[in-house]
1. In segment 17-55, which residue that is within 10 Å of the chain's Cα centre (by Cα) and of a type in the set (Gly, Ala, Ser) is surrounded by the most Cβ atoms within 10 Å (Cβ to Cβ)?
2. Please list, ordered by first then second residue, the pairs with beta carbon atoms under 7 Å, 6 or more apart or interchain, first in segment 23-39 and assigned to a helix (DSSP H, G or I) and at pLDDT 95 or above, second among the β-branched types (Val, Ile, Thr) and surrounded by 13 or more Cβ atoms within 10 Å (Cβ to Cβ).
Amino acid sequence: MSKLDIATLLVGLSGAAAVTTGTAMLHPAAGWVCGGSFALLWSYRTARAAAQKGQ
C-alpha cells in the first residue's frame, strides 16, 4: 500500500466520521443511520473490489 493510498484512506475515514458526527449533533438516531450507511457502502465497495481483483 502506497503513501497515497494510506492518505486517501485516512481522508475518507475522517470525512465519514465528520459527516456522521455532524449528523449526530442534529439528531442522535440520524447519526447512527448515517454511520451505518457509510459502513454498508464501505463493505459493498470492498467486497466488489476483492471480487474484481480475483478475476
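1. Among residues in segment 17-55 that are within 10 Å of the chain's Cα centre (by Cα) and of a type in the set (Gly, Ala, Ser), the one surrounded by the most Cβ atoms within 10 Å (Cβ to Cβ) is Gly35.
2. Taking only residues 6 or more apart or on different chains, the pairs are Ala30/Thr23; Gly31/Thr20; Gly31/Thr23; Cys34/Val19; Cys34/Thr20; Cys34/Thr23; Gly35/Thr20; Phe38/Thr20.
The values are calculated or read from the model by the stated rules, or taken from the named source; none is laboratory data. Keep in mind that this is a model prediction, so the values were computed, not measured. Don't worry about glycine lacking a Cβ; one is built from the backbone with ideal geometry, like all the others, and counts go over all protein chains shown.
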